[in-house]
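Please treat every number below as a calculation from the coordinates, not as lab data. The shown structure was predicted, so the numbers you read here are calculated from the model rather than taken from an experiment. Because the Cβ atoms are built from the backbone with ideal geometry, glycine has one as well, and the counts that use them run over all protein chains shown.
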Amino acid sequence: MAERWLPVVGFKGFYEVSSLGRVRSVARFVRSRDNRQRPVRARILKSAITANYLVVGLHREGKQTMMRVHVAVLEAFVGPRPPGMVARHYPDRTPTNVAASNLSWASYITNNRDRREHGTEADNRGERSPNAKLTNAAVRRIRVLARRGVYQRDIAAKVGCSPSNVSRILQGDGWTNVL
């Protein structure tokens, strides 16, 4: 498949994006601070990885905008984002594969179903969370003690957490993945 180039939406005349996910600047003249015109040559931009996604810095009128490459590809080759839709990497779930043939707009439900099917769903619930203060075993113990009628403040002292954490767990506000 031949690489096709289209303008980046919102940056026509400044940047173009390819069907393979590369971004380039367009050759043009820009005004410098001393009000002189200087040439800007066309070149392929280097992308960075932020939160697992490729991003590029696009400049216009002295301001920089960080844009996710997959969004630029979708907007240029598929069209604007429909309401309630997100970018879907499919069939290759790798977030750095930003070729137009691997991208589409999809609902959150479809995207999450794909993540589960391909095993790319980040499961940071419960004790796998980097912010977890309790273990799955401690949560089970909280529930057992509560069923036995032990007061929440006493449960908190035995388990080593605050009474408000015990209350939230018993109300189903967290740790719902632990049975």
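Given charges of +1 on the Cβ of Lys and Arg and -1 on the Cβ of Asp and Glu, with all other atoms neutral, how large is the dipole of region 126-171 about its Cα centre, in debye to the nearest 20?
120 debye
Give me the compactness ratio for region 1-52, meaning the Cα radius of gyration over 2.2 N^0.38 Å.
Normalised Rg, Cα atoms only: 1.36.
Karplus couplings for region 36-51 from phi (6.51 cos²θ - 1.76 cosθ + 1.60, θ = phi - 60°), rounded to Hz, Gly and Pro as x?
Listing the rounded values in order: 9, 8, 10, x, 10, 7, 6, 7, 6, 7, 7, 9, 10, 9, 10, 6 Hz.
Mind giving me the nanometre distance, one decimal, between the label points for residue 50 and residue 2, set 7 Å out from Cα along Cα→Cβ?
Between residue 50 and residue 2, the simple spin-label model gives 3.5 nm.
Using just the helices of the chain, give the 222 nm mean residue ellipticity in deg cm²/dmol: DSSP H runs with n ≥ 4 each add -39,500 (n - 2.57), and the total is spread over all residues, rounded to 500.
One gets -8000 deg cm²/dmol as the mean residue ellipticity at 222 nm.
Mean shadow of region 5-118, computed from the convex hull of its alpha carbons, in nm²?
Reported value for the Cα convex hull: 7.5 nm².
Dipole of region 49-179, Cα-centred, from +1 at each Lys and Arg C-beta and -1 at each Asp and Glu C-beta, to the nearest 20 debye?
Using only the charged Cβ atoms, the result is roughly 700 debye.
Beta carbons within 10 angstrom, averaged per residue: use that to sort the peptides 93-104, 126-137, highest first.
Going by the mean number of other Cβ atoms within 10 Å, highest first, we get 93-104, 126-137.
When the convex hull of the Cα atoms of region 126-171 is projected onto a plane and the area is averaged over all directions, what value comes out in nm²?
2.9 nm²
Could you give the radius of gyration (one decimal) and Dmax (whole number) of the Cα atoms in region 56-179, in Å?
Taking only Cα atoms of region 56-179, I get Rg and Dmax of 22.0, 67 Å.
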